[in-house]
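Reviewing the structure listed below.
The values are calculated or read from the model by the stated rules, or taken from the named source; none is laboratory data. Note that the coordinates shown come from a computational prediction; the quantities given were computed from them, not determined experimentally. Positions of Cβ are generated from backbone atoms using ideal geometry, with glycine treated the same way; all protein chains shown enter the neighbour counts.
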């Protein structure tokens, strides 16, 4: 996205309600800043993240997508983050095939107690995506309005 | 088309100082479907809530977006507000413009723009929201307590006292836990056994309490109100119903060289044993690792001497299935292994002991029958050096724990005091970093050790201990007089840090209860919900949640019991209506969703459908039990045909949010 | 180390040094801090440990002003100034420097003046 002639990446963060969303709240409570490019969408579990959502984001102009879930073994629903991990591994190699840089996507485990980690991750990820420049928009052939 | 009302909260200056709330309200008013938009100082206040309710009536709102703090804070509040005004509570969405916007950004223009985008995403979602009705699920009126120490016993007694059935699962052959090994308790110096054993007997005799001793939790399924637990009763090779606890077998068993864990290996027991005289249940257990009969098939002496005929060498582990409404975790603590701390020579000299070992050496039921003797040569020690913070407040070196173990200052003062009282000829030194005694009568207790009993408290740490000619050469610092001091000690006692019991981590995984980096269970809220786990129906009792002493443990145990009773007293629980729902017309019966469901909430059945030309088709389709589904959404992604969707977090809703953010 | 003498000094002072919590308030309040090599809290600590000879040889005992601020402010009523005074007494006894006869004291008493101030003044200035 261009803001006042300056490139500003759009970043969508999908956060598990039980850990990372609370971790994001904690980084707010502790006033730890991260770029305003990051917009968080709350999902009940990292396993709720349909790969379609990420593709949709890239169709609509997102420059980076990050998924945050509970640490392996700590899933509120026992196994959800394992599913998420496998699905994302597959999706990311497909995105690679489509020509979307691997650095534009990430899966990170952030617990409810890791406010500092959340902020640090977002800072780092935003910088990483910003370096890559504007993303190419995936063409939307399927979901015509 | 929805009729949406947008309410932007200032949160005093928390939001308004960084986000231009007026501009947010004005901009969002132009969004499609928004018929009313306003801002107010405190939306969550009585006046703010009334404003929302009035707007629902006057503008006939069908959806509400509140731009305020985190939904984790006030989503429940606003849902109730709207429900009271006749709007379905699930037609409310929160845009988190405080924790995730105003608090992390400094630039007003940036923060305002982000707040608008977050508001747009919420509006986009509300457009696709549908009214949801929460179902109910019944509560099994029975509780499980995992761990039979003082925490578990107290929780069980309190629950049973209120008239509910409660089971205790204890992995050791007896309940009682760490407190059975303690000699005296601070700050009153009353005998631990005298106050604990009556409680153990109470628990055993209470008809509402069932004790599974020498048992472990094998698996946990289900959810709050409806837990299904498998308990493994480990084979003790003794028939519990026949054994009278006479102890004849434990004196006749020829295998005499089994390290006695009750005395921390400082003396020996037999292969068949009762841990200590007041054990509950008082039933013998055969240690399969040492029993000659079980290992070679030759011996059988215990079976011959047992008048009750209780010995059963063929006994196998038994799996018991039980249903519970609530689970209390009371897995307790263990002292850390101090072997990593070479400088204290723990593995080089038997005269360097941990505090729990010292406790046994002072105990009348201990290996020395209560006479303090050096483990090496069984002589009376004259100079004793206590070292505090061994492994506690140890950051970064990987050997210890970063936290303060909390109980060591007090028990060290107790040990030093008891030692001086019983043996006035001893010289007792305590090396400390800080003496921490916040507690009723705690500081007075510690001062008594110094002033009345003449214990030498020295601010500083011990650098090294070297065993030499039967003595322990202690080299330490005295920071107040700024010098290095050397003491020829007879015994060195290490106040080892405490850590959660090793069984806690796998248990937490079974319960899906979260833990911190030190493996202590996390509480639902550090201040306001300290005895509940964030996982509904799981409660925390005692040191599994953090280091604590006996009075604190008992207080938390009773608090956990109160929370359990609050749950068990209900006949039904309101379920989360945000559950999975399949579109039967799209379902192709592949079972992908059934396989990923962690709760077994999805079942398949054959259903009749109308086919073309007035034919009837029988198709295998999925259905979700809304009382069992917890709404994780794993199935929605697994479904290859896109038939499965999650209410409240539907594919369309999330896509609409994505669109709103990326616009 | 002279535990016997340390015990005597404790008796003269009427102070129990074990009561000291090593908070340092006495030293923090001492106006003569800069001219004493041992400070009030160290007096208490050293007397407790029996290191009285170092104290008796130090000039600091004579630079203590006997202002009693440390007594006034001690949270544990340890009264360091009395310990210092007792060390001076011990020195005086050893060296025979007791310039005041006990029967002279009553006449010198002033209700407003702490008794210790009189005796310490005598010891310090009548040389």
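A few points about this structure:
- Residue B:159 within 22 Å of residue A:15 (Cα to Cα) and at pLDDT 95 or above: no
- Among residues of segment A:103-128, those that are surrounded by 19 or more Cβ atoms within 10 Å (Cβ to Cβ), in a helix (DSSP H, G or I) and within 12 Å of another protein chain (Cβ to nearest Cβ), counted: 5
For (1) within 14 Å of chain B (Cβ to nearest Cβ); (2) over 20 Å from residue C:114 (Cβ atoms), each residue gets a yes or a no:
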{"site": "C:27", "(1), (2)": "yes, yes"}
{"site": "C:43", "(1), (2)": "yes, no"}
{"site": "C:50", "(1), (2)": "yes, yes"}
{"site": "C:63", "(1), (2)": "no, no"}
{"site": "C:76", "(1), (2)": "yes, no"}
{"site": "C:82", "(1), (2)": "no, no"}
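- Residue in segment B:575-590 that is modelled with pLDDT under 90 and either crowded, with 19+ Cβ neighbours inside 10 Å or within 14 Å of chain A (Cβ to nearest Cβ) (or both) present: yes
Table: residues versus (1) part of a helix (DSSP H, G or I); (2) more than 7 Å from chain B (Cβ to nearest Cβ); (3) out of contact with any strand residue (DSSP E or B) (no Cβ under 7 Å at 6 or more places or on another chain).
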site	(1), (2), (3)
A:33	no, no, yes
A:41	no, no, no
A:47	yes, no, yes
A:54	yes, yes, no
A:57	yes, no, no
A:61	no, no, yes
A:83	yes, no, yes
A:87	yes, no, yes
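- Per-region count, segment B:611-629, residues under 22 Å from residue B:535 (Cβ atoms), in contact with a strand residue (DSSP E or B) (Cβ under 6 Å, 6 or more places away or on another chain) and assigned to a loop (DSSP other than H, G, I, E, B): 2
- The set of residues in segment A:1-20 being in a loop (DSSP other than H, G, I, E, B), surrounded by fewer than 23 Cβ atoms within 10 Å (Cβ to Cβ) and more than 9 Å from chain B (Cβ to nearest Cβ) consists of A:4, A:5, A:8.
- Meets criteria (within 14 Å of chain C (Cβ to nearest Cβ) and either surrounded by fewer than 20 Cβ atoms within 10 Å (Cβ to Cβ) or within 25 Å of residue B:555 (Cα to Cα) (or both)) for residue B:411: no
- Condition met for residue B:601 (touching a strand residue (DSSP E or B) at 6+ places or on another chain (Cβ under 8 Å) and touching a residue at least 60 places away in the same chain (Cβ under 8 Å)): no
- Filter result for the condition that a residue is within 21 Å of residue A:127 (Cα to Cα), within 10 Å of another protein chain (Cβ to nearest Cβ), assigned to a helix (DSSP H, G or I) and out of contact with any strand residue (DSSP E or B) (no Cβ under 6 Å at 6 or more places or on another chain), over A:23, A:28: A:28
- Among the residues of segment B:433-452, none qualifies, meaning not one is within 22 Å of residue C:46 (Cα to Cα) and part of a strand (DSSP E or B).
- Subset of segment C:8-18 (residues that are surrounded by fewer than 13 Cβ atoms within 10 Å (Cβ to Cβ) and assigned to a helix (DSSP H, G or I)): C:11
- For the condition closer than 30 Å to residue B:182 by Cα, more than 14 Å from every other protein chain (Cβ to nearest Cβ) and under 30 Å from the mean Cα position of the chain (by Cα), residue B:533 does not qualify.
- Condition check for residue B:112: in a helix (DSSP H, G or I) and under 35 Å from the mean Cα position of the chain (by Cα): no
- Any hit, segment B:460-468, residues being at positive phi and either at pLDDT below 95 or within 33 Å of the chain's Cα centre (by Cα) (or both): yes
One line per residue, one yes/no per condition, for (1) at the interface with chain A (Cβ under 10 Å from one of its Cβ atoms); (2) in a strand (DSSP E or B); (3) without any contact (Cβ under 8 Å) to a residue 40 or more places away in the chain:
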| site | (1), (2), (3) |
| --- | --- |
| B:73 | yes, no, yes |
| B:83 | no, no, yes |
| B:101 | yes, no, no |
| B:106 | yes, no, no |
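- Entirely in segment B:254-369, the helices (runs of 4 or more DSSP H) that have 3 or more residues that are within 27 Å of the chain's Cα centre (by Cα) and either in the same structural domain as residue B:505 (by TED's automatic domain parsing) or at pLDDT 95 or above (or both): B:355-362
- Boolean, residue A:100 is away from every other protein chain (no Cβ under 11 Å), farther than 23 Å from residue B:650 by Cα and either in a loop (DSSP other than H, G, I, E, B) or in contact with a strand residue (DSSP E or B) (Cβ under 8 Å, 6 or more places away or on another chain) (or both): yes
- Considering B:632, B:578, the condition of being under 25 Å from the mean Cα position of the chain (by Cα), touching a residue at least 12 places away in the same chain (Cβ under 8 Å) and in a loop (DSSP other than H, G, I, E, B) is satisfied by B:632 alone.
- Scanning segment B:85-98 for residues that are within 15 Å of residue B:43 (Cβ to Cβ) and in a helix (DSSP H, G or I) yields a single hit, B:98.
- Filter result for residue A:77 (facing chain B (nearest Cβ under 9 Å), assigned to a helix (DSSP H, G or I), without any contact (Cβ under 8 Å) to a residue 40 or more places away in the chain and more than 15 Å from the chain's Cα centre (by Cα)): no
- Restricted to segment B:293-307, and to residues there that are out of contact with any strand residue (DSSP E or B) (no Cβ under 6 Å at 6 or more places or on another chain) and closer than 23 Å to residue B:215 by Cα, the residue that is surrounded by the fewest Cβ atoms within 10 Å (Cβ to Cβ) is B:295.
- Every residue from segment B:235-263 that is surrounded by fewer than 18 Cβ atoms within 10 Å (Cβ to Cβ) and under 24 Å from residue B:167 (Cβ atoms): B:239, B:240, B:241, B:242, B:244, B:245
- Selection count, segment B:500-530, where residues are closer than 17 Å to residue A:113 by Cβ, out of contact with any helix residue (DSSP H, G or I) (no Cβ under 9 Å at 6 or more places or on another chain), more than 9 Å from every other protein chain (Cβ to nearest Cβ) and modelled with pLDDT of 85 or more: 2
- In segment B:46-57 there is no residue matching the filter, namely being outside any helix (DSSP H, G or I) and either over 25 Å from residue A:33 (Cβ atoms) or at pLDDT below 95 (or both).
- Residue within segment A:129-145 that is in contact (Cβ under 8 Å) with a residue 60 or more places away in the chain, within 9 Å of chain B (Cβ to nearest Cβ) and in contact with a helix residue (DSSP H, G or I) (Cβ under 8 Å, 6 or more places away or on another chain) present: yes
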